[in-house]
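Trainee: Encoded as C-alpha cells, here's the structure I'll be asking about.
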Amino acid sequence: MSLEMIAVLVLIIGMLVCLLLEVAQPGMIIFSVLIILLITGILTPEEAFSGLSNEGMLTVALLFIVAGAVQKSGVIDRVMKYWLKNSRTQTDAMMRFFVPIAMFSAFLNNTPIAVTFTPIIKNWCEEHGFSPSKFLIPLSYVTILGGTITLMGTSTNLVVHGMLLDYGLEGFSLFTLTVIGIPITLVGFLYLFTIGKKLLPDHKGFRQQVKEDVKSYIAEMEVEDFFPHVNQSVMKAGLRNLDGLYLIEIIRRNERVSPVRNSTIIQAGDRLIFAGEIATIAELQKINGLKLRTGTELELDDLKNGKTSLIEAVVSHQSVLLSKSIKQSQFRSRYDAGVIAIHRNNERIHGKVGDVILKPGDSLLLLAGMDFVEKYQQANDFYVVSQLDPPKTLNQDAWRDWFSITLFIGMIIVVSIGWLSMVKAMALAVVILFITKMIHAEEAKKYIQFDVLLVIASSFGIGVAMTKTGLAEWIASGLLVVSASSGIIVVLIVLYILTNIFTEFLTNSAAAILMLPIGLEMAQSLELNPMGVAVLIAIAASASFITPIGYQTNLIVYGPGGYKFSDYVKVGTPLSVLVMITAITVIYHVWF
C-alpha cells in the first residue's frame, strides 16, 4: 500500500467511527474528511467538489422541491383519508395503507411520505383501537421497498446513477431498477402480512403513554393573593429556570397564555401549568403564595386551545439540537414551543427536561402555537409527525391542489418516453412551480434537505479519492481473494452484505458511494457487467430494516410507534434476508 492509500484508509475508518459515535452531524463529519483530503493534496479542488455538479446530486435537490410542492397540496392526505374510512380490520387497513404508499414511494422521496402518513396512521389506529406499533414499522419498510422500484424513488438510486455517469458508464433509466424493485416489494408485502405481522410489537404510542399517565408529566399550581410576585413578570417571579420544571401555560379565568414568555405578567388567581420532573414539585410548594391543586382533573388535551396545540416531533440526524440540552439549545425561544415530555427507546427520560441531551430519534411532545406545523413542517431539526389540525396550506383552490401532482405525473411521462433526462425534467418542473407561484423561494429552501445534499456531495469526493489512490482496487482485490474462487453468487453476496452493513449504521447514500468504486473494480477484474453490480449496491444501500438509525424513515416512526431498538432487529432481520435472497437471485439471472 502507498502512503496515500494508507492515509485515505485511515481517514475513512475515522469517518466511520465518528459517524457511529455521532460525534457531529453526518454532513459535517464527511465534509471534514473531504477538506483534509483537499488540504493534503490527495484531491484537487475539481476532484474534491465534483459532487456539487454531479447530475445525481442535483436531481436529488430538485426532487426535494417537487416532492415538497406535492406534499403541500394535501391531495394525497385527503385521498388516503377517504380511502381508509371504511377499513375495520388490521389486514384490510394494512392493504389499504401500504399498497398505494408503495406506489407513491416509487415516484416521490420516501422521507416526506413517512412524515405525511405517520400522523394519518396514528390517528386511524387511535380511532379504531389498534396499536400504532402494528402499522408504523411496516409504513417505513414499505416506503423503503417502494423507493427501489424506479430511479427517482430514493436518493440512493440517483446517487449511484450520477456516479455511473461520472465513470463514463450509461447510468440507470427510469425503470432499470423496476425488475428488482417489484419482486422485493412483493416479497416484503408477503412477509409483513404473514410472519412480520405476528412479530410486530403491541406498544402504546408515545402520546398515548403520556395521556394515560398525565399526572407524571403535568402539575397545576394556583397563585394566591399574597404571592409576593403578583403583577410581576415570570422572570422576576423566579419561575423561569426552575429545577426540573417548565412553566408551559397559564390559565387565567377563560383565557390561556401559552407559550409563556419571560415578560408574561403573573396575576392573582392564575393557574400555573408545569411540565417536567413532577417529583420535584415540592420545591415550588415551599414558595409562599403558590398552592398545589391536588384535585385537578386537567387532561393532556385540555392544554389545547385556540392558540396552542399538542405536537409530536422526532429529532432528526441532521438536527442542530443534537448533543445539546433543551436549555442549551434555547428551545423555547428558538421554536416558540414548550417541551412537555421526551421519550427515547419507548421509555420516558426522567430528570430535568431542560437538561436532557438530545439524540437522533428522540420523541418530543410539544405545546406549541397553532402555526408551528406550518412553520416547521419542512424543518431539518426534527420531523413533525403529529398534529391536531390540518395546516392552512391544505385549504387551497381545487385546481391548485391538483396542479403539482398533474405536473409531476407529466414530468414522469416525459422522462419515461425519453424526451428529457431526469435532471432536465425536474428542473423544468421547478421552474413551472415558481412561475405559477405554486411555491416561492423561501418554501423551496425549506423543502431542500441541505445536510443530505452535503453528505452526498462530500461522499462523491471521498469515492474519487478511493479510486484515484488505488484503495478501491486494493480492497476489491482482497475481497476477490476471499470470494472469487467460490463463484459469482458468493461475490454478489459479499458485496451486498458489506453495503448493507454500512447502510444500517451510516447513511444510505454514503454506503452506496463508498461501495460503488469497490464494486466496479471487482466487476472489471472478473469481467462482469458493471450495471448489475451497480444495481446490487443501490438495492443493498436502500434495504435498511434492522436498525432505526440506518434510514430516515425508520427514525421517523421510531418514537411515534413506541418502538425499542430490538423491535427493528426482530422484525427487520428476516425481511433483510428475504430481500437479499430475492435481489441477488433476480440480478444474477438478469445481468450475469
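The values are calculated or read from the model by the stated rules, or taken from the named source; none is laboratory data. The structure displayed is predicted, hence computed values, not measured ones. Quick reminder, even Gly has a Cβ in these numbers, built from the backbone with ideal geometry, and neighbours come from all protein chains shown. For the accessible areas, the whole protein counts, side chains as well, though only heavy atoms, and no ligand, DNA or RNA atoms are used. Shrake-Rupley method; radii C 1.70, N 1.55, O 1.52, S 1.80 Å.
Trainee: Given 8, 60, which one is within 29 Å of residue 439 (Cα to Cα) and either of a type in the set (A, V, I, L, M, F, W, C) or in contact (Cβ under 8 Å) with a residue 60 or more places away in the chain (or both)?
Mentor: 60
Trainee: Another question, if that's okay. Specify which of the listed residues (506, 536) is within 19 Å of residue 111 (Cβ to Cβ), crowded, with 24+ Cβ neighbours inside 10 Å and touching a residue at least 12 places away in the same chain (Cβ under 8 Å).
Mentor: Working: 536 fails: within 19 Å of residue 111 (Cβ to Cβ).
Criteria check complete, one pass: 506.
Trainee: How do the helices (runs of 4 or more DSSP H) wholly within segment 109-196 filter down when requiring 2 or more residues that are surrounded by fewer than 24 Cβ atoms within 10 Å (Cβ to Cβ): which remain? First the steps, then the outcome.
Mentor: Working: elements: 110-128, 136-146, 155-166, 178-192.
Of the helices (runs of 4 or more DSSP H) lying wholly inside segment 109-196, those with at least 2 residues that are surrounded by fewer than 24 Cβ atoms within 10 Å (Cβ to Cβ) span 110-128, 155-166, 178-192.
Trainee: Against the condition more than 25 Å from residue 58 (Cα to Cα) and not in a helix (DSSP H, G or I), how does residue 546 come out, does it pass?
Mentor: Details: more than 25 Å from residue 58 (Cα to Cα): yes; not in a helix (DSSP H, G or I): yes.
The answer is yes for residue 546.
Trainee: Oh, and also: Identify the residue in segment 245-264 that is assigned to a loop (DSSP other than H, G, I, E, B) and closer than 22 Å to residue 336 by Cβ and, among all such residues, is most open to solvent (accessible area, probe 1.4 Å).
Mentor: Per the stated criteria, the residue is 261.
Trainee: Those residues that are among the hydrophobic types (A, V, I, L, M, F, W, C) and open to solvent by less than 20 Å² (accessible area, probe 1.4 Å), I need them from segment 454-486; list them, please.
Mentor: To start, the set of residues in segment 454-486 that are among the hydrophobic types (A, V, I, L, M, F, W, C) comprises 454-457, 460, 462, 464-466, 471-472, 474-476, 479-482, 484.
Answer for segment 454-486, where residues must be among the hydrophobic types (A, V, I, L, M, F, W, C) and open to solvent by less than 20 Å² (accessible area, probe 1.4 Å): 455, 456, 457, 460, 462, 465, 466, 471, 472, 476.
Trainee: For residue 40, state whether it is hydroxyl-bearing (Ser, Thr, Tyr) and closer than 30 Å to residue 193 by Cβ. Show your work before the answer.
Mentor: Values: hydroxyl-bearing (Ser, Thr, Tyr): yes; closer than 30 Å to residue 193 by Cβ: no.
For residue 40, the condition - hydroxyl-bearing (Ser, Thr, Tyr) and closer than 30 Å to residue 193 by Cβ - is not met.
Trainee: Given the structure, is residue 492 in contact with a helix residue (DSSP H, G or I) (Cβ under 8 Å, 6 or more places away or on another chain) and within 20 Å of residue 162 (Cα to Cα)? Reasoning before the result, please.
Mentor: Numbers: in contact with a helix residue (DSSP H, G or I) (Cβ under 8 Å, 6 or more places away or on another chain): yes; within 20 Å of residue 162 (Cα to Cα): no.
No.
Trainee: Given the criteria loosely packed, with under 15 Cβ neighbours inside 10 Å, modelled with pLDDT of 70 or more and among the aliphatic types (A, V, I, L, M), does residue 313 qualify? Before the answer, list the steps.
Mentor: Working: loosely packed, with under 15 Cβ neighbours inside 10 Å: no; modelled with pLDDT of 70 or more: yes; among the aliphatic types (A, V, I, L, M): yes.
For residue 313, the condition - loosely packed, with under 15 Cβ neighbours inside 10 Å, modelled with pLDDT of 70 or more and among the aliphatic types (A, V, I, L, M) - is not met.
Trainee: Collect the residues in segment 13-32 that are modelled with pLDDT of 90 or more and within 16 Å of residue 457 (Cα to Cα), keeping them in residue-number order.
Mentor: Scanning segment 13-32 gives 31, 32.
The rows are residues; the columns are (1) of a type in the set (A, V, I, L, M); (2) at pLDDT below 95.
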| site | (1), (2) |
| --- | --- |
| 176 | no, yes |
| 187 | yes, no |
| 200 | yes, yes |
| 222 | no, yes |
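Trainee: Mind checking which helices (runs of 4 or more DSSP H) fall wholly inside segment 407-509 and carry at least 2 residues that are of a type in the set (Phe, Trp, Tyr) and under 29 Å from residue 4 (Cβ atoms)? Lay out the reasoning, then the answer.
Mentor: Values: elements: 422-435, 441-447, 450-468, 471-483, 488-505.
Fully inside segment 407-509 and qualifying: 488-505.
Trainee: Moving on to the next point. Output the residues belonging to segment 69-114 that are small (Gly, Ala, Ser), within 21 Å of the chain's Cα centre (by Cα) and modelled with pLDDT under 80.
Mentor: Of all residues in segment 69-114, those small (Gly, Ala, Ser) come to 69, 73-74, 87, 93, 102, 105-106, 114.
Keeping just the survivors that are within 21 Å of the chain's Cα centre (by Cα) gives 69, 73-74, 102, 105-106, 114.
Those that are small (Gly, Ala, Ser), within 21 Å of the chain's Cα centre (by Cα) and modelled with pLDDT under 80: 73, 74.
Trainee: Something else about it: Is it true that residue 96 is farther than 30 Å from residue 477 by Cα, charged (D, E, K, R) and surrounded by fewer than 16 Cβ atoms within 10 Å (Cβ to Cβ)? Steps first, answer last, please.
Mentor: Working: farther than 30 Å from residue 477 by Cα: yes; charged (D, E, K, R): yes; surrounded by fewer than 16 Cβ atoms within 10 Å (Cβ to Cβ): no.
Spelling it out, it is not the case that residue 96 is farther than 30 Å from residue 477 by Cα, charged (D, E, K, R) and surrounded by fewer than 16 Cβ atoms within 10 Å (Cβ to Cβ).
Trainee: Out of 425, 441, report the one residue that is at negative phi, without any contact (Cβ under 8 Å) to a residue 40 or more places away in the chain, among the aliphatic types (A, V, I, L, M) and surrounded by fewer than 17 Cβ atoms within 10 Å (Cβ to Cβ). Full working, then the answer.
Mentor: Details: 425 fails: surrounded by fewer than 17 Cβ atoms within 10 Å (Cβ to Cβ).
Going through 425, 441 in turn, the sole match is 441.
Trainee: Could I ask something else about it? From the list 105, 87, exactly one residue is open to solvent by less than 50 Å² (accessible area, probe 1.4 Å) and part of a loop (DSSP other than H, G, I, E, B). Which is it? I'd like the intermediate steps shown before the answer.
Mentor: Values: 105 fails: part of a loop (DSSP other than H, G, I, E, B).
Answer to the selection: 87.
Trainee: Under 7 Å between Cβ atoms, which residue pairs at least 6 apart in sequence (or on different chains) link something in segment 228-251 that is of a type in the set (Ser, Thr, Tyr) with a partner that is open to solvent by 40 Å² or more (accessible area, probe 1.4 Å)?
Mentor: From residues that are of a type in the set (Ser, Thr, Tyr), the pairs are 233/262; 233/263; 233/265.
Trainee: Inside segment 487-503, can you point out the residues that are open to solvent by 40 Å² or more (accessible area, probe 1.4 Å) and among the aromatic types (Phe, Trp, Tyr)?
Mentor: 502
Trainee: Let me ask you something else. With respect to residue 81, is the statement that it is charged (D, E, K, R), more than 25 Å from residue 171 (Cβ to Cβ) and buried (at least 18 other Cβ atoms within 10 Å of the Cβ) true?
Mentor: Values: charged (D, E, K, R): yes; more than 25 Å from residue 171 (Cβ to Cβ): yes; buried (at least 18 other Cβ atoms within 10 Å of the Cβ): no.
No: the conditions fail for residue 81.
Trainee: How many residues are at pLDDT 75 or above and either among the basic types (Lys, Arg) or open to solvent by 40 Å² or more (accessible area, probe 1.4 Å) (or both) if we restrict to segment 350-362?
Mentor: 3
Trainee: Pairs please, first residue from segment 20-37 and among the aliphatic types (A, V, I, L, M), second anywhere and loosely packed, with under 15 Cβ neighbours inside 10 Å and at pLDDT below 85, Cβ atoms under 9 Å, 6+ apart in sequence or on different chains.
Mentor: Pairs found: 29/23.
Trainee: If you don't mind, another one. Of the residues that make up segment 386-399, is at least one modelled with pLDDT of 85 or more, more than 22 Å from residue 338 (Cβ to Cβ) and outside any helix (DSSP H, G or I)? So that I can check it myself, show each step before the final result.
Mentor: Narrowing segment 386-399 to residues modelled with pLDDT of 85 or more: none.
There is no residue in segment 386-399 that is modelled with pLDDT of 85 or more, more than 22 Å from residue 338 (Cβ to Cβ) and outside any helix (DSSP H, G or I).
One line per residue, one yes/no per condition, for (1) open to solvent by 10 Å² or more (accessible area, probe 1.4 Å); (2) farther than 14 Å from residue 496 by Cα:
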position: 511; (1), (2): no, no
position: 519; (1), (2): no, no
position: 529; (1), (2): yes, yes
position: 552; (1), (2): yes, yes
position: 561; (1), (2): no, yes
position: 565; (1), (2): yes, yes
position: 568; (1), (2): no, yes
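Trainee: While we're here: Just a yes or no: is a residue in segment 333-346 open to solvent by less than 40 Å² (accessible area, probe 1.4 Å), at pLDDT 80 or above, within 26 Å of residue 568 (Cα to Cα) and among the aromatic types (Phe, Trp, Tyr)?
Mentor: no
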